[in-house]
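Here is the structure we will look at, set down as C-alpha cells.
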Amino acid sequence: RRSLADGREAMIMGVEESAVAVMGVFGAACLILLSHEDTDRSGIDWLDYNWMFVGPPLMFLILAFKLFRLVTSKNREHYALTFFAWAAAPLYSIHQFEEHGYDMIGRRYAFIDYFNTNMKSADVQLTPRMITIVNVFAVLVVFVGYAAVAEGINSLTLAAFPWALGVVNGGCAHILPAVTKGAYNPGVAQSLIMTPIGLYFLFKTWQRRGLPALFAALVYGSIWAHGVALMLPLKLVSMGILGTSSFFLWSVMCAVIYPLLVIPMVGFEPRQKRS
C-alpha cells in the first residue's frame, strides 16, 4: 500500500510540474511575440485578442490537481493553505475574461476602451500588447510562480500577495467606480466575488502571521503592483522613455524584487511535514 501511495504522490507531483511547465511554454510563446510590432485595435495580433480564452481552462486544470492533493493528503492543514495560494490565478483569470474576453453586456475586448477613456487626462494609455504583458506575465505567470514558491518555502505571506492585488484591483478599480458612477465597468461582476474571498484570505494571513505580513501584502497589492509595476512604466512609455520590450522587463523585475526584499524580513511559517 505504501508503494502504491508513494507512486500516486509521485504521479501527482509530476502532473503538477507538467502543468506549471505548460504555463511556462505559454509564457514563452508570448515572449516570442513581444518582438512583433505593436498595433492598434484594427490589427490586434491573434494572441493579444485571444489569450484570455486559454487562461481560465489552464488555470483551473492546475487548481484541480491541487484540490485532488488536498482531499487525498493526510496533512490537509498544509495543503489547505497552498490551495488558497493556487486558487488566486484561476479566479483572477475569470476576472480577465470579463475585462478582455466578453463582459457582462456582451462587449468584446471592452476594458481597453474603458481604461484609456478614464486615463486620457493623465496621458496614460494601454495598448493590446501591454494588456497581454500585464495579464499573462505580471498576473497569471507571476501568480502561479508565487504559489509554487509559497508552497516550497512555506510562506503564507507570499501566498497572500496575489489576493492583495485582487482585493485592491477589484475593490478600488472596479467596485468603487461602479458605485460612485452608478454604472457597470468590465470586471466589476467578478470583483464582487473575488474581493470578499481575498479579504477573507488576508484576514487569515493577519491572524496567522500578524500585522507585518498583512502590511507587506497590502503594499504589494496597492503601491507596488498598481503604482510601481503598472502606472509608472505606463507613464514612462507615454513619455517615450520605455518601449514595449522594456515595459515587459520592468514587469519581470517588479515581480522578483519585492518578494526578494520583503519575504525574508517578514519570515516564514513553521515548516510542516508533508504527506
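Throughout, read-outs are computed from the coordinates displayed, never taken from laboratory work. What you see is a predicted model; the values in this text were computed from it and never measured. Reconstructed Cβ throughout: ideal geometry from the backbone, glycine too, with neighbour counts over all protein chains shown.
When N is the residue count of the stretch 106-184, what does its C-alpha Rg come to as a fraction of 2.2 N^0.38 Å? Each step should come with its number before you reach the end.
Numbers: Rg = 15.4 Å, N = 79, 2.2 N^0.38 = 11.6 Å.
Its radius of gyration relative to the 2.2 N^0.38 Å reference: 1.33.
Taking each pair of different alpha-carbon atoms in the stretch 122-244 once, compute 1/r for the pair, average those values, and report the inverse of that mean as the Kirkwood hydrodynamic radius in Å to one decimal.
On the way: mean 1/r = 0.0646 Å⁻¹.
With all distinct Cα pairs of the stretch 122-244 included, I get 15.5 Å.
Once you put a point 7 Å from the Cα of Ser245 and another 7 Å from the Cα of Phe203, both along the Cβ direction, what distance in nm separates them?
Result for the modelled spin labels: 4.8 nm.
Extension gain Leu176-Ala122, at 0.36 nm per residue separation less the Cα-Cα distance, in nm? Provide the component values of the computation, followed by the final result.
On the way: separation 54, 0.36 × 54 = 19.44 nm, distance 1.94 nm.
Between Leu176 and Ala122, full extension yields 17.5 nm more.
Run the reach check for Lys235 against lysines, Cα to Cα strictly under 28 Å, same-chain hits fewer than 8 apart removed. What comes back?
Lys120, Lys181
Explain nothing, just compute: Karplus ³J(HN,Hα) = 6.51 cos²θ - 1.76 cosθ + 1.60, θ = phi - 60°, for every residue of the stretch 197-205 in order, whole Hz, x for Gly and Pro.
These are the phi-based 3J(HN,Hα) values: 5, x, 4, 5, 5, 5, 4, 5, 5 Hz.
Which of the lysines could be linked to Lys74 by a straight reach, that is with a Cα gap under 16 Å, when you skip same-chain ones fewer than 8 residues away?
Lys66, Lys273
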